[in-house]
Number of protein chains: 2
Amino acid sequence: MSKETAVASIITIGDELLIGQVIDTNSAWIAQQLNAIGIWVKKRIAVGDIRNDIWNTLDEECKEVNLIILTGGLGPTADDITKPLLCDYFGGKLIIDHAVLEHVRYLSEVVYKRPFIERNAKQAEVPDVCTVLTNTRGSAPGMWFEKQGVIVISLPGVPYEMKGIFSEIVIPKLMDVFSGESIIHRTLITWGIGESFLAEKIKHWEQKLSADIKLAYLPNYGMVRLRLTAKGNDYPELERLIDHERNQLKLLVKEWLIAEEDLSLPQLIRKMLEERQKTIATAESCTGGFIAQLLTAEAGASLVYKGSVVSYSNNVKEKMLGVDVKDLKKFGAVSEEIVQQMVKGALKNINSDYAIATSGIMGPGGGTDTKPVGTVWIAVGNNNHIVSKKFHFRFDRAKNIEVTANNALLLMRSFILSGF
Amino acid sequence: MSKETAVASIITIGDELLIGQVIDTNSAWIAQQLNAIGIWVKKRIAVGDIRNDIWNTLDEECKEVNLIILTGGLGPTADDITKPLLCDYFGGKLIIDHAVLEHVRYLSEVVYKRPFIERNAKQAEVPDVCTVLTNTRGSAPGMWFEKQGVIVISLPGVPYEMKGIFSEIVIPKLMDVFSGESIIHRTLITWGIGESFLAEKIKHWEQKLSADIKLAYLPNYGMVRLRLTAKGNDYPELERLIDHERNQLKLLVKEWLIAEEDLSLPQLIRKMLEERQKTIATAESCTGGFIAQLLTAEAGASLVYKGSVVSYSNNVKEKMLGVDVKDLKKFGAVSEEIVQQMVKGALKNINSDYAIATSGIMGPGGGTDTKPVGTVWIAVGNNNHIVSKKFHFRFDRAKNIEVTANNALLLMRSFILSGF
């Protein structure tokens with residue numbers, strides 16, 4: 001029998017998703033993983049801890065797709081209703097799985113060092129109509145059901161546990177069952193041109209774009225990610241086609257192109273520094289450590305990142321970055337003079353090749369007539385040269401912090417490329 | 001005519017949501033806002049930029065709920081298909097809205113200082129069967145449709161723009177149209193007791209809980225948020241009931257209770273510091289600025305937060321935190337001695353009342369036999385006393401950083417409460 005192509009729905013379960021108490025990061029991760037093995041996600045749905053709603057959603061999706069990934073509702077408390085519901089839905093009864101029981105007992109007694117109680121044992125109950133997917137990272141096992149050509153996979157909602165089961169067991173099993181249609185993405189990142197203008201520039205190329213390739217514009221405050229997606233069965237041909245189009249597109253947007261891969265800005269800066277074997281430091285006032293945290297989020301940061309001074313108080317600017325207290329009084333903390341001195345202080349005291357400094361008013365409070373909320377000075381430099389620039393952002397606090405960090409990294413990028 | 005109660009669905013549009021390229025934060029925010037005015041969200045759905053999928057989803061949801069919020073797909077490029085689709089769905093035709101046209105022209109020419117091109121004008125086209133919702137923060141206007149008792153609201157996907165239209169226009173209009181059933185949430189946060197044990201402790205109380213009140217357990221690596229939700233028409237009675245139950249629950253879990261409100265840990269620490277008029281500093285190695293960024297994410301941080309040294313390299317530990325270079329060689333950077341010295345250095349150099357220090361191996365690389373990945377030393381203290389503790393986390397890098405930050409804040413909390 002030749003293998004089928006899969007089309008998937010992702011269903012996440014939990015009232016916390018419907019009242020906005022948590023942000024769902026599981027779905028995006030699962031979608032990425034499925035895409036990588038050629039499975040297209042058609043829909044993502046979040047429903048509450050309500051039996052009828054879960055049941056009806058499951059019913060509807062079973063008519064639409066042949067693969068459903070469910071997460072959440074598998075815990076040991078009364079609000080966790082997914083397991084008995086799935087048991088009824090697939091016409092089974094709950095039985096104790098002895099391997100899971102032993103694992104849960106081990107977790108309780110050895111890892112968490114707590115007595116093993118009856119409620120823990122409930123986690124070892126599974127419907128007798130499923131294949132159990134062992135959860136090595138936690139107590140609630142995953143479950144794999146099949147019915148009338150549809151595969152339904154239920155996983156715990158805790159991201160770390162869900163990811164373990166998915167990578168270790170679900171992916172290999174799905175690759176076994178389904179024929180992976182190839183899905184290839186290529187992303188180009190532009191900066192400094194609006195979405196509308198970009199669309200005008202590439203209009204003629206876009207109109208002639210092969211029907212097998214889809215173009216998406218993802219604008220984000222001055223940056224636009226252009227994503228090409230090709231779907232089909234002939235991987236080599238598809239790759240040839242998408243790379244051909246990508247190269248054409250590259251020529252059209254080269255003036256604004258800042259990356260040819262789907263890299264985040266911190267990834268891009270780190271890559272540039274690694275290639276040049278250079279190091280960086282930050283001196284952050286208004287961004288409060290946000291840039292440092294971005295540059296250290298991924299492994300291997302210590303190759304290029306040396307450290308940061310988060311100088312929220314003027315005292316710290318003075319003492320740890322050597323900012324002149326008279327200049328602080330004269331120009332104020334949000335000024336060209338001060339960010340320049342912050343860069344110098346970071347270069348000297350942290351002893352890095354490059355440094356970034358930020359100082360601004362992120363809001364909602366703290367604005368004045370001459371320096372309203374959103375006023376930001378950014379400086380970047382090395383021991384030869386320092387460049388500084390003033391910005392006026394007009395967003396809320398969280399967005400102002402994020403956009404300041406992005407612009408600081410973009411300014412650093414230009415500085416590195418300029419070869420000072 | 002007496003007003004109806006609303007039940008809502010949120011539909012987000014965009015392939016980027018289905019391939020996992022972006023995480024949907026809009027839905028959670030919209031859900032919070034709707035809850036606050038007594039509108040229950042029944043379902044959240046993400047669909048791709050595919051006409052049939054959007055149309056069918058809209059059709060299905062129109063049968064299930066009386067309020068639909070759509071976001072995304074309103075840009076000026078070819079992959080943005082929501083506007084013409086809605087125009088067809090509601091049987092209208094596209095016309096130019098002159099107020100929107102003027103606004104888009106103003107944005108182009110005055111704010112972005114770019115020539116106004118024809119494609120920009122497309123953003124001013126709206127179906128003649130909708131009420132236009134002005135977007136003061138961007139170019140794509142929101143739209144409000146009504147058909148057979150269902151209200152459908154279409155908003156841009158850019159979070160800052162969506163939030164503006166929602167807060168300024170949608171919320172007041174919805175409060176006008178619908179009778180807000182009251183929805184009250186109360187959250188208690190526990191720490192140091194597993195979900196199963198907690199469920200056992202409160203079993204008898206939970207069994208007797210009024211049918212109007214729903215209890216949810218939200219576990220998160222050692223912390224469990226217990227959320228009570230009451231829904232009904234009589235607000236004062238509902239509030240009396242939920243506060244009565246909350247007080248009962250509080251007594252049952254008091255041993256593990258760390259907060260009586262739905263505060264994040266950084267919010268909790270900031271509140272404790274503000275009440276005591278104390279300041280804090282951080283000296284972060286493995287957390288790379290993550291704690292600093294948490295403490296400065298919300299307005300007013302400068303009241304309690306003074307600054308941070310992110311000491312990724314040993315050179316920075318030595319130079320800016322006064323860590324003894326001989327001790328660094330003798331004990332290694334991930335050691336009790338070093339985190340204690342980092343706290344002392346932060347207190348002295350940043351001149352705060354309290355300080356937190358972290359040093360550990362976040363992975364995936366960098367582990368050794370004696371200090372495997374996940375080994376972390378945390379110290380907290382003031383000028384009288386320092387407390388330090390070793391941890392072994394077993395997660396991936398991102399989770400190890402987050403859990404280290406949480407434990408550092410929890411240790412700080414205990415330290416402040418201990419009155420040293």
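The values are calculated or read from the model by the stated rules, or taken from the named source; none is laboratory data. All figures in this text were calculated on a predicted structure; none of them were measured in a lab. Quick reminder, even Gly has a Cβ in these numbers, built from the backbone with ideal geometry, and neighbours come from all protein chains shown.
Observations on the structure shown:
- Filtered residue count, the stretch B:196-219, keeping only those that are closer than 27 Å to B:ARG413 by Cα and free of Cβ contacts under 8 Å to residues at least 12 places away in the same chain: 4
- The stretch B:173-183 - residue that is touching a residue at least 24 places away in the same chain (Cβ under 8 Å) and of a type in the set (D, E, K, R) and, of those, nearest to the other protein chains (Cβ to nearest Cβ): B:GLU181
- Subset of the stretch A:200-252 (residues that are outside any strand (DSSP E or B), of a type in the set (S, T, N, Q) and within 12 Å of chain B (Cβ to nearest Cβ)): A:GLN207
- Restricted to the stretch A:127-162, and to residues there that are outside any strand (DSSP E or B) and aliphatic (A, V, I, L, M), the residue that is surrounded by the fewest Cβ atoms within 10 Å (Cβ to Cβ) is A:VAL129.
- If only residues of the stretch B:329-374 that are within 28 Å of the chain's Cα centre (by Cα) and surrounded by fewer than 24 Cβ atoms within 10 Å (Cβ to Cβ) are counted, the one that is farthest from A:TYR312 (Cα to Cα) is B:PRO364.
- All positions within the stretch A:262-297 that are at the interface with chain B (Cβ under 10 Å from one of its Cβ atoms), of a type outside the set (Phe, Trp, Tyr) and assigned to a helix (DSSP H, G or I): A:ILE291, A:ALA292, A:GLN293, A:LEU294, A:LEU295
- Every residue from the stretch A:18-32 that is facing chain B (nearest Cβ under 8 Å) and at pLDDT 90 or above: A:LEU18, A:SER27, A:ALA28, A:TRP29, A:ILE30, A:ALA31, A:GLN32
- Evaluating B:ALA8 against the criteria (1) touching a Ser or Thr at 6+ places or on another chain (Cβ under 9 Å); (2) touching a residue at least 60 places away in the same chain (Cβ under 8 Å); (3) of a type in the set (Gly, Ala, Ser) leaves one unmet condition, (1).
- Within the stretch A:298-325, being within 7 Å of chain B (Cβ to nearest Cβ) and of a type in the set (Val, Ile, Thr) holds for A:VAL309, A:VAL310, A:VAL316.
- The stretch A:378-416: number of residues that are farther than 15 Å from A:ALA292 by Cα and within 14 Å of another protein chain (Cβ to nearest Cβ): 10
- Some residue of the stretch A:296-308 being in the same structural domain as A:VAL380 (by TED's automatic domain parsing) and at positive phi: yes
- Odd one out for B:ILE258, checked against (1) part of a helix (DSSP H, G or I); (2) in contact (Cβ under 8 Å) with a residue 60 or more places away in the chain; (3) of a type in the set (A, V, I, L, M); (4) more than 14 Å from every other protein chain (Cβ to nearest Cβ): (1)
- For the stretch A:4-17, taking the residues that are in a loop (DSSP other than H, G, I, E, B) and over 23 Å from B:SER264 (Cα atoms), the one that is farthest from the other protein chains (Cβ to nearest Cβ) is identified as A:THR5.
- When the stretch B:51-80 is filtered for residues that are surrounded by fewer than 16 Cβ atoms within 10 Å (Cβ to Cβ), in contact (Cβ under 8 Å) with a residue 12 or more places away in the chain and not aromatic (Phe, Trp, Tyr), the ones remaining, listed by number, are B:ARG51, B:GLU64.
- Scanning the stretch A:135-172 for residues that are more than 10 Å from chain B (Cβ to nearest Cβ), β-branched (Val, Ile, Thr) and within 23 Å of the chain's Cα centre (by Cα) gives A:ILE165, A:ILE169, A:VAL170, A:ILE171.
So that you can scan it fast, the table gives a plain yes or no per residue for (1) crowded, with 18+ Cβ neighbours inside 10 Å; (2) of a type in the set (S, T, N, Q); (3) at pLDDT 95 or above:
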| site | (1), (2), (3) |
| --- | --- |
| B:THR190 | yes, yes, yes |
| B:TRP205 | no, no, yes |
| B:ASP212 | no, no, no |
| B:PRO236 | no, no, no |
| B:SER264 | no, yes, no |
| B:LYS278 | no, no, yes |
| B:THR282 | yes, yes, yes |
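- For the stretch A:177-199, the criterion of being of a type in the set (Lys, Arg), in contact with a helix residue (DSSP H, G or I) (Cβ under 8 Å, 6 or more places away or on another chain) and within 18 Å of B:ILE19 (Cα to Cα) is met by at least one residue.
- Here B:LYS399, B:LYS390 are screened, and the one residue that is under 18 Å from A:ALA297 (Cα atoms), of a type in the set (D, E, K, R) and in the same structural domain as B:THR296 (by TED's automatic domain parsing) is B:LYS399.
- Some residue of the stretch A:87-96 being at pLDDT 90 or above, crowded, with 24+ Cβ neighbours inside 10 Å and either within 30 Å of B:GLN207 (Cα to Cα) or of a type outside the set (A, V, I, L, M, F, W, C) (or both): no
- Each residue in the stretch A:246-256 was checked for being surrounded by 15 or more Cβ atoms within 10 Å (Cβ to Cβ) and either in contact with a Phe, Trp or Tyr (Cβ under 8 Å, 6 or more places away or on another chain) or not assigned by TED's automatic domain parsing to the domain that holds A:TRP191 (or both), and 3 pass.
- Within the stretch B:355-376, the set of residues being within 13 Å of another protein chain (Cβ to nearest Cβ) and under 18 Å from B:VAL343 (Cα atoms) comprises B:ALA355, B:ILE356, B:THR358, B:SER359, B:GLY360.
- Any hit, the stretch A:272-279, residues being under 19 Å from B:ALA78 (Cα atoms) and either of a type outside the set (Val, Ile, Thr) or more than 22 Å from the chain's Cα centre (by Cα) (or both): no
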